[in-house]
1. Restricting the count to DSSP beta bridges whose residues both fall in the chain, what percent are antiparallel, rounded to a multiple of 5?
2. Given a 1.4 angstrom probe, I'd like the percentage of the accessible area of the chain that is carbon and sulfur, rounded to a whole number.
3. At 1.4 Å probe radius, can you tell me the per residue accessible area of the chain in Å²?
4. Order the peptides 20-28, 136-144 from the highest to the lowest mean number of other Cβ atoms within 10 Å of their residues.
5. Taking amide H atoms as placed 1.01 Å from N in the peptide plane, list the residues 5 or more away in sequence, or in a different chain, whose amide H sits under 5 Å from that of S19.
6. Of (1) 46, 42, 37; (2) 60, 39, 34; (3) 62, 41, 39, which one was derived for Cα extents along the principal axes in Å from the structure shown?
7. With each run of n ≥ 4 DSSP H residues scored as -39500 (n - 2.57), what mean residue ellipticity at 222 nm is computed for the chain after dividing by its residue count and rounding to the nearest 500 deg cm²/dmol?
8. Between segment 102-140 and segment 200-240, what is the C-alpha centre distance in whole Å?
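The values are calculated or read from the model by the stated rules, or taken from the named source; none is laboratory data. For clarity, every value in this text was computed on a predicted model and none was experimentally measured. Positions of Cβ are generated from backbone atoms using ideal geometry, with glycine treated the same way; all protein chains shown enter the neighbour counts. Remember, those area values only see protein heavy atoms, side chains included, never the ligands or the DNA or RNA. Shrake-Rupley method; radii C 1.70, N 1.55, O 1.52, S 1.80 Å.
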Amino acid sequence: MKTVLLRLEGPLQAWGTRSRFGRRDTETEPSKSGVLGLVGAAMGMARTDTRTLADLAEAKLAVRVDREGTLLMDYHTVGSGKFRDIDYFVCDVEKRHAVITERDYLQGASFLAALTFQDDALAVRAHEAVGAPRWPLVLGRRSCSPSLPVRVPNGLVDGGGEEALRSATFPSPRAPKEPVRLVLECDATHADARPRQDQPLSFRRYDRHYARRFLRTTFIEPSTLTLLGEDEPCISLVAS
């Protein structure tokens, strides 16, 4: 069993699990479908490749919330204007209506994600791919680029995700004032399990499907964190 660590940090992130039509939500931490989409892009996985997706989806996801970030809502319109003096509409041309959407983002957030694989070879492949991605990596939505490398140095470790996150270095020489939140994938029978429709089955463009998985939340006390050394360079938002 091996775990791949991923640094997910950027000015904006969007990890929707309930988005429908004009309402585009985000969770307060990375979704499994979004993280596996990022790894799949790094590996060059096609949207129609359900076999590779099924193999990746067997991994368990754990997330350490190093910086919570804040919610930003964008009132977004498409169409109903001019481009080079030509009227432009994306739908309902006769009525000349714009497409209106509300899109949520997390701003200033930072996460350390851990994907735990039973297949060691697949873990190695995923770790190597995020260091030299086939396609651009995004934080849940195409407009959300990472501000730090996703691949973590020495980020392929033995053991499970929770242990890896508890022992991984916190990206600041200063301990946070509050306990650090951990969101862990768990069995449905766990006393603190809560459901999320976030287990990807298909990324096909017009045939996306997701199953239910279960999460639980726990915390790391600041005094138990391994902090970044005072002389070690850091450009993370967490240290600001």
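1. Of those bridges, close to 95 percent are antiparallel.
2. Carbon and sulfur together cover 51 percent of it.
3. Result: 55 Å² per residue.
4. Result, highest mean first: 136-144, 20-28.
5. Amide H neighbours of S19: D25.
6. Here Cα extents along the principal axes in Å agrees with entry (3).
7. Helix contribution divided over all residues of the chain: -4500 deg cm²/dmol.
8. If we compute the Cα centre of each part, the gap is 10 Å.
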